[in-house]
Number of protein chains: 2
Amino acid sequence: MHAKLIHIDLSSEVPAYDQIAGEIRALLVSGVLRAGDALPPVRQLAIDLNVHHNTVAQAYRILADEGWLDLRRGRGARVVPRSAPPQTSKKGRQNFSLHLRRLLAKAAAEGISADVLAHQLTLHARTIKNWAKGDS
Amino acid sequence: MHAKLIHIDLSSEVPAYDQIAGEIRALLVSGVLRAGDALPPVRQLAIDLNVHHNTVAQAYRILADEGWLDLRRGRGARVVPRSAPPQTSKKGRQNFSLHLRRLLAKAAAEGISADVLAHQLTLHARTIKNWAKGDS
């Protein structure tokens, strides 16, 4: 995985470790990163992203806790086959919808037009259908 | 505005003031709350949501800073006409896309199926088009 695939904003309120974990999670979910792939060494990625190495280590730990990575000492971080998570409850789906609504409201309040937002949603809906194809 | 319109999760990592501001912003952007509407008194909403009154006050201040509310002492919080924000830059749109991608990856990793996610996106895209109609 090339560090250029990871986009973080050091001026954001979202902690950098959270952003890095979120970026790598998106690569995992979409199938860009697959079981067996090696992640860059913590210190190398930290230099590339201009963050402390503990920040990268924390992001890797979050993903390991979620079952995506194997972090055995001396072997580096490696993507492992992850068993499918249990189907989310209704509450989980409602929670997603709530966060999506807030994200959209924030973007609209910041001046992104309704047309652009709707277009982005449609594009992402199409991308997700390709994830589903990749799985089967 | 009835407190039942505000959905917050006190067990979430997102601070309650941020959630409350996000919920009210969604009501403002979608036109459920309009210029001239009064918001509930801080202490009343705090009781209804089971949070400290400072938490509600902080949410109201965030929205006042964004130009949505007038908080003059003794008059309560009232929605004011807000001038349209400047059109967001390319960076703002990319930032939205990044956050959307991360939100989707997190939901997928938690077991929400690609079909459900795509359906939700399509639904929200339709809702947004109705916001746009309300504006004109």
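Some values worked out for this structure:
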| read-out | value |
| --- | --- |
| Radius of gyration and maximum dimension Dmax of the protein assembly as shown, Cα, Å | 20.3, 64 |
| For the stretch B:57-100, diffusion coefficient by Stokes-Einstein and Kirkwood Rh (Cα), 20 °C, 1.002 mPa s, µm²/s | 173 |
| All Cα pairs of the stretch B:90-135, percent lying beyond 13 Å | 65 |
| Other-chain or far-sequence residues with amide H under 5 Å of A:Leu69's (modelled H) | A:Ala64, A:Val80 |
| Whole-number percent relative contact order across the stretch B:3-79, with pairs defined as alpha carbons under 8 Å at least 6 apart | 32 |
| Exam field: B:Ser12 pseudo-label spacings to other copies (7 Å along Cα-Cβ), nanometres | 1.7 |
| Cβ charges +1 (Lys, Arg) and -1 (Asp, Glu), total dipole of chain B, debye | 520 |
| Loop-located trypsin sites (Lys or Arg not before Pro) in the stretch B:28-136, at most 11 other Cβ atoms within 10 Å (DSSP) | B:Arg34, B:Arg72, B:Arg73, B:Arg75 |
| Cβ charges +1 (Lys, Arg) and -1 (Asp, Glu), total dipole of the stretch A:90-135, debye | 340 |
| Sites B:Lys4 and A:Gln87, calculated FRET efficiency, Cβ-Cβ separation with R0 30 Å, nearest 0.05 | 0.60 |
| Residue-by-residue Karplus 3J(HN,Hα) for the stretch A:56-70, coefficients 6.51, -1.76, 1.60, Hz, glycine and proline x | 5, 4, 5, 4, 4, 5, 4, 6, 5, 4, 7, x, 8, 10, 10 |
| Sites A:Leu123 and A:His53 - FRET efficiency at Förster radius 35 Å, r taken between beta-carbons, to 0.05 | 0.50 |
| For B:Glu110, residues with placed amide H under 5 Å, excluding near neighbours | none |
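Values quoted throughout were computed directly from the atomic coordinates according to the rules given, and no laboratory measurement underlies them. Here the structure is a predicted model, which is why all the values come from computation and not from measurement. Positions of Cβ are generated from backbone atoms using ideal geometry, with glycine treated the same way; all protein chains shown enter the neighbour counts.
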